[in-house]
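**Student:** Structure below; questions to follow.
The values are calculated or read from the model by the stated rules, or taken from the named source; none is laboratory data. None of the values given here were measured: they were computed from a predicted structure. When we count neighbours, we look across all protein chains shown, and the Cβ atoms used for this are built from the backbone with ideal geometry, even at glycine.
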Amino acid sequence: MKSFLRSVVVGVFSLFVVIAFSVPGQSAEIDDSTVFVEAFNAYQQKDYLLTIEKCDQLNQVFPESPLRDVTLLLIARASLKSGNNERAAKSVTLFTKEFPESRLKTSVEDELMTLAHRYQKGDVLAADKTLQAVARQVSNDRIARQRAAEMKLEMERIAKAKAEQERLAKIKLEEERLEKERLEKERLAKVKLEEERLEKERLEKERLAKIKLEEERREKERLLAEKLAKENIKIAISLRNDAGSFPIGSSSVIPLEITNRGNSSEELLLNISAAREYGVILTKPGKPDESVTRLQLASGETFKGSLHVRMPFEMVDGHRSLLSVHAVSAKFSDIAFKQETVVICSAPLVRAVAKLVKPKVTPGEKLSYRVAVLNAGSQSAQNLTVRLQLPPQIDFQGGSDTPFKQESNGALVFTVDKVDIGQLVQINLDVKVRENTSIGQELRGQVEVESGGLQKKEVFVASASVVIAPK
């Protein structure tokens, strides 16, 4: 037994040294050593059942603990001392199996080794009833001592609590008496204050009632006058948008008239609702650059102005946009008048169609490549630059009736002066399919049309032709 204790102490001390120097700052996290020390101390106090309980706890919570070897031996010795021979034999057997090279094997008692050999042969190991009774008695005595200590602490706590309750009860009675006196004084003071307040309140109510009656009379007169004034505000807005549509990139004028049909002079705040890119402003006659936002009209007077609208280059043909003129009374913001008109963009709509004249071609074949530039808009298209990029498998052979130039990247650039509404311009080229073109490959070019006057550039992908084997 002494050799076992010595071995355990040496083993635990060695483990602490290893942990302290190999994992700095983490020793507080290793709780398995604390549980083992509790089990070891219980063994020294001959409380073998508590020893086994603590060792089982350690094995369950820390199955990978470095203390497992000494824990198994401690279970074996505690089981032997408490009469559980089978548990002792199992623990020794498990120790020798898991730690076959352990130096602690030499510290195992002969009696434990004998039990382990018998257990491995299949012998039934009877329990030692006497040792079991002694172990249970030690455990029961410990539990009884713990309960007695807990009961003593509880009785002392109850006695202290009772004494404290009595002391607090006396303090509470005195505090209640003083509180009652204070509350009564406060009550009488409040009664007096309340009586004074009620009298002041009565007098104030009478005064406010007179003021309210006067304010209500004046408010009725004001509302009636305001109602009559609002009903008298009669403004007519007229927009003469005769053109309806406006050429792209140009500035146009929409005549505007605002007439005061009421009986008194009116000041109006003017606002134009339209997309920002139209740059709409309202101007006076003879002052096209001066925006009008406020207007004073006498009864029966008519203001004749103009809405200047600039049709943006980015709009497409037929684009419709709503334009609204708002006139709000400067005196009454809830009195407003509005007139709307629709602004329609008029522009060329250019499309380009490029393709070989045949959908299926063969390597080395000579044929025509056709580019059609058409206008589906409401204005003629002018000053067009058509840039054609042929497929890389196609070689240009010439033959175009339209003047052109060829850029360094091989692109052919044509100039088209004009394409009328609903018309097209056709460009025909002589081309040849290269001999080394792969069978099944698609030939697809690209056309870029740029309108110099309208600052527009559009790219169109040509129709594809497929290369087939010669027949």
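**Student:** Which of the residues belonging to segment 439-471 are of a type in the set (A, V, I, L, M) and surrounded by 13 or more Cβ atoms within 10 Å (Cβ to Cβ)?
**Tutor:** Residues of segment 439-471 of a type in the set (A, V, I, L, M): 439, 443, 447, 449, 454, 459, 461-462, 464, 466-469.
Of everything in segment 439-471, those that are of a type in the set (A, V, I, L, M) and surrounded by 13 or more Cβ atoms within 10 Å (Cβ to Cβ) turn out to be LEU443, VAL447, VAL449, LEU454, ALA462, ALA464, VAL466, VAL467, ILE468.
**Student:** Something else now. Here are the criteria: (1) exposed (fewer than 13 other Cβ atoms within 10 Å of the Cβ); (2) without any contact (Cβ under 8 Å) to a residue 40 or more places away in the chain; (3) part of a strand (DSSP E or B); (4) of a type outside the set (Ser, Thr, Tyr). Tell me which single one VAL342 does not satisfy.
**Tutor:** Failed condition: (2).
**Student:** Something else: Only one residue in SER299, SER264, SER324 is over 25 Å from ALA229 (Cα atoms) and in the same structural domain as PHE337 (by TED's automatic domain parsing). Which one?
**Tutor:** Among SER299, SER264, SER324, only SER324 is over 25 Å from ALA229 (Cα atoms) and in the same structural domain as PHE337 (by TED's automatic domain parsing).
**Student:** A further question follows. Within segment 424-435, is there a residue that is closer than 30 Å to VAL316 by Cβ and assigned to a loop (DSSP other than H, G, I, E, B)?
**Tutor:** Looking for residues that are closer than 30 Å to VAL316 by Cβ and assigned to a loop (DSSP other than H, G, I, E, B), one finds none in segment 424-435, hence no.
**Student:** Also: Out of the residues in segment 276-323 that are part of a strand (DSSP E or B) and at pLDDT below 80, which is surrounded by the most Cβ atoms within 10 Å (Cβ to Cβ)? Break it down stepwise before answering.
**Tutor:** Restricting attention to segment 276-323, the residues satisfying the condition of being part of a strand (DSSP E or B) are 281-284, 287-291, 294-297, 302-310, 320-323.
When the remaining residues are screened for being at pLDDT below 80, the result is 287-289.
On the way: LYS287: 11, PRO288: 13, ASP289: 7.
Per the stated criteria, the residue is PRO288.
**Student:** Could I ask something else about it? Is it the case that LYS105 is in a helix (DSSP H, G or I), in contact with a Phe, Trp or Tyr (Cβ under 7 Å, 6 or more places away or on another chain) and surrounded by fewer than 21 Cβ atoms within 10 Å (Cβ to Cβ)?
**Tutor:** Answer is no for this residue.
**Student:** Here is a list: PRO348, PRO392. Which entry is within 53 Å of the chain's Cα centre (by Cα), surrounded by 14 or more Cβ atoms within 10 Å (Cβ to Cβ) and not in a strand (DSSP E or B)?
**Tutor:** On the way: PRO392 fails: surrounded by 14 or more Cβ atoms within 10 Å (Cβ to Cβ).
Testing whether each residue is within 53 Å of the chain's Cα centre (by Cα), surrounded by 14 or more Cβ atoms within 10 Å (Cβ to Cβ) and not in a strand (DSSP E or B) leaves just PRO348.
**Student:** As an exercise: evaluate LEU228 against (1) in contact with a Pro (Cβ under 9 Å, 6 or more places away or on another chain); (2) aliphatic (A, V, I, L, M); (3) over 21 Å from LEU282 (Cα atoms) and give the number of the one condition it does not meet.
**Tutor:** The failed condition is (1).
**Student:** Could you tell me which of the residues ARG118, ARG157, ARG103 is assigned by TED's automatic domain parsing to the domain that holds LYS46, over 22 Å from ILE52 (Cβ atoms) and either among the basic types (Lys, Arg) or touching a residue at least 24 places away in the same chain (Cβ under 8 Å) (or both)?
**Tutor:** ARG103
**Student:** Considering segment 397-438 alone, what residues qualify as being over 17 Å from THR385 (Cα atoms), surrounded by 13 or more Cβ atoms within 10 Å (Cβ to Cβ) and in contact with a Gly (Cβ under 8 Å, 6 or more places away or on another chain)?
**Tutor:** ILE421, ASP430, LYS432, VAL433, ARG434
**Student:** Residue pairs, Cβ under 6 Å, 6 or more apart or interchain, first in segment 414-436 and farther than 18 Å from SER465 by Cβ, second part of a strand (DSSP E or B) and of a type in the set (Phe, Trp, Tyr). List them.
**Tutor:** Pairs that qualify, where the first residue is farther than 18 Å from SER465 by Cβ and the partner is part of a strand (DSSP E or B) and of a type in the set (Phe, Trp, Tyr), are PHE414/PHE404.
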